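The values are calculated or read from the model by the stated rules, or taken from the named source; none is laboratory data. All figures in this text were calculated on a predicted structure; none of them were measured in a lab. Cβ atoms come from the backbone with ideal geometry, glycine included; neighbour counts cover every protein chain shown. Accessible surface is based on the protein model in full, side chains and every heavy atom, while ligands, DNA and RNA are left aside. Shrake-Rupley method; radii C 1.70, N 1.55, O 1.52, S 1.80 Å.
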Amino acid sequence: MMMFRFSLYGFLKNQTYFEPFLILAFLEKDLSFFQIGILIGFREVCINIFEIPSGAVADLYGRRRSMIFSFLAYIASFLVFGLSASFAALFLAMFAFALGDSFRTGTHKAMIFEWLRIQGRESERTRVYGFTRSWSKIGSAVSVVIASAFIFTGARYSDIFLLAVIPYALNIVNFMGYPTELEGSRAADTKIPGVWGHLKDSMRMAFTDKPLRGILVESMSYEGTYKVAKDYIQPVIQQAALGLALLATWQQNQRVAILMGAVYFVLHLLSSFASRGGHRLVASTGSEEAAAKSLWGATALVYATLAWGLWTGWLSVVIAGFVALAVLQNFWRPVLISRIDAHSTPEAGATILSVETQAKSILAMVLAPLIGLCVDAFGLVGVGVVATLLTLPFALTSLGGTRERAVHQP
């Protein structure tokens, strides 16, 4: 029964119908790309602020309560996003969305692992988590189809925020069926000085251990850049849909819905396969470090191709480039997590991952307004140029390291 509930959580959580149309929904509200960047940057600031306190709340008041609060915050944000076009109100919506993200991330995984401990099935962590994650990916693919069909019927882009209220409310009902023992210890004996001391020790490890520090810097650049750049596929698909002769008989939003749905459906399916194939890349390259270096080179090349495609107006190349970036990021993520785990202690692992999450959010909150300003000034080509400039140094360093090893190879 709990496997069903865990899988249902992932499926419903990923009914984010607005995801493929987020930028278009903001443009529909007459926001500039710079204003959109400011909103995204504000979201990342809030996530950073609440990341650590949210964990303390889950410990003190229970994980299930934390998850319910998270989804209530999400629902509040969806209602404001869907019903308001005021720039000031959208900040409130982003604040609520950030609260939802902060109180959700990591909490549900802890509940799954707690259930496995109670059941005496700790050895099944990888299999069980992989199974529930696969249902999250299926949810993403299904949500794209539903969202595209909804827009095709004539709905506004903003309306899909309201549609997302339904599955998120159903997930709250789902949480109410979780057994109380999954709340955790409720940490009545948790002392603030002890938590603070553990945090300081973990932070010291993150910044004084040279290999670990380097990995965190890599994550900041790779994940932060991708997090901001990925949604700019939406105006590109919009342009491509309006110029596609095959869809000429449909209305403007219907064309966008058809092409957007097709591209994101393929993107999610390929990403699902890639996330399962990270270990194969490691095996073929010989190590996590070698796999990361090859991914840096491939990613910089794709961003450069993206910039060239946007400059020349070759939109099919640009769309393929964004899909390729999603695939590469899903190879990158498991390799990154493995590298972090190899350079940190089990006791500090969760906190180090929290530091990694905050690091990429710091770059994203700076980069989002910057890229938005570049797009307003120079067009979408600004996305490709800025992303290439940020990833190229890491790619060249990786290439240099590979050549140096080849020279010293006996």
TODO: Please give the helices (runs of 4 or more DSSP H) falling wholly within segment 155-246 in which 2 or more residues are among the aromatic types (Phe, Trp, Tyr) and modelled with pLDDT of 90 or more.
DONE: 165-176, 210-229
TODO: Only residues that are touching a residue at least 40 places away in the same chain (Cβ under 8 Å) and either farther than 24 Å from ASN14 by Cβ or open to solvent by less than 30 Å² (accessible area, probe 1.4 Å) (or both): list them for segment 234-249, please.
DONE: GLN234, PRO235, VAL236, ILE237, GLN239, ALA240, GLY243
Task: Residue count for segment 1-33, restricted to those that are over 21 Å from the mean Cα position of the chain (by Cα) and in contact (Cβ under 8 Å) with a residue 24 or more places away in the chain - done: 9
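Among the residues of segment 7-48, write down those that are in a helix (DSSP H, G or I), hydrophobic (A, V, I, L, M, F, W, C) and more than 21 Å from VAL144 (Cα to Cα). So that I can check it myself, show each step before the final result.
Initial filter on segment 7-48 (in a helix (DSSP H, G or I)): 7-13, 19-28, 33-48.
Subset that is hydrophobic (A, V, I, L, M, F, W, C): 8, 11-12, 21-27, 33-34, 36, 38-40, 42, 45-47.
Across segment 7-48, the qualifying residues are PHE33, PHE34, ILE36, ILE38, LEU39, ILE40, PHE42, VAL45, CYS46, ILE47.
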TODO: Just give me the residues in segment 260-303 being closer than 22 Å to ILE23 by Cβ, surrounded by fewer than 20 Cβ atoms within 10 Å (Cβ to Cβ) and over 18 Å from the mean Cα position of the chain (by Cα), in sequence order.
DONE: ALA262
- [ ] Would you mind telling me which numbered condition in (1) at pLDDT 95 or above; (2) open to solvent by less than 40 Å² (accessible area, probe 1.4 Å); (3) among the aliphatic types (A, V, I, L, M) ALA76 fails?
- [x] (2)
Open item on the list: When you check SER284 against the structure, is it hydroxyl-bearing (Ser, Thr, Tyr) and within 16 Å of GLN329 (Cβ to Cβ), yes or no?
Closed with: no
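Residue by residue through segment 139-164, note down the ones that are aliphatic (A, V, I, L, M) and within 20 Å of the chain's Cα centre (by Cα).
Scanning segment 139-164 gives ALA141, VAL142, VAL144, VAL145, ALA147, ILE160, ALA164.
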Open item on the list: If GLY321 satisfies all but one of (1) at pLDDT 75 or above; (2) among the small types (Gly, Ala, Ser); (3) open to solvent by 40 Å² or more (accessible area, probe 1.4 Å), what's the number of the condition it fails?
Closed with: (3)
Open item on the list: Against the condition buried (at least 17 other Cβ atoms within 10 Å of the Cβ) and of a type in the set (Phe, Trp, Tyr), how does TRP332 come out, does it pass?
Closed with: yes
- [ ] Filter segment 107-137 down to residues that are open to solvent by 40 Å² or more (accessible area, probe 1.4 Å) and among the hydrophobic types (A, V, I, L, M, F, W, C) and give me whichever is modelled with the lowest pLDDT.
- [x] PHE113
Open item on the list: Please count how many residues of segment 144-184 are of a type in the set (S, T, N, Q), farther than 16 Å from PHE71 by Cβ and touching a residue at least 24 places away in the same chain (Cβ under 8 Å).
Closed with: 3
Open item on the list: On the basis of being buried (at least 19 other Cβ atoms within 10 Å of the Cβ), more than 27 Å from ALA262 (Cα to Cα) and among the charged types (D, E, K, R), does ARG104 make the cut?
Closed with: yes
- [ ] Go through segment 1-47 residue by residue and tally those that are open to solvent by 30 Å² or more (accessible area, probe 1.4 Å) and either of a type outside the set (A, V, I, L, M) or under 26 Å from ARG156 (Cβ atoms) (or both).
- [x] 15
Task: Residue among ALA350, ALA359 that is modelled with pLDDT under 85, open to solvent by less than 40 Å² (accessible area, probe 1.4 Å), under 23 Å from MET220 (Cα atoms) and of a type outside the set (Ser, Thr, Tyr) - done: ALA359
Open item on the list: Residues that are open to solvent by 20 Å² or more (accessible area, probe 1.4 Å), over 25 Å from ASP101 (Cβ atoms), modelled with pLDDT of 85 or more and touching an Asp or Glu at 6+ places or on another chain (Cβ under 8 Å): does segment 366-382 have at least one?
Closed with: no
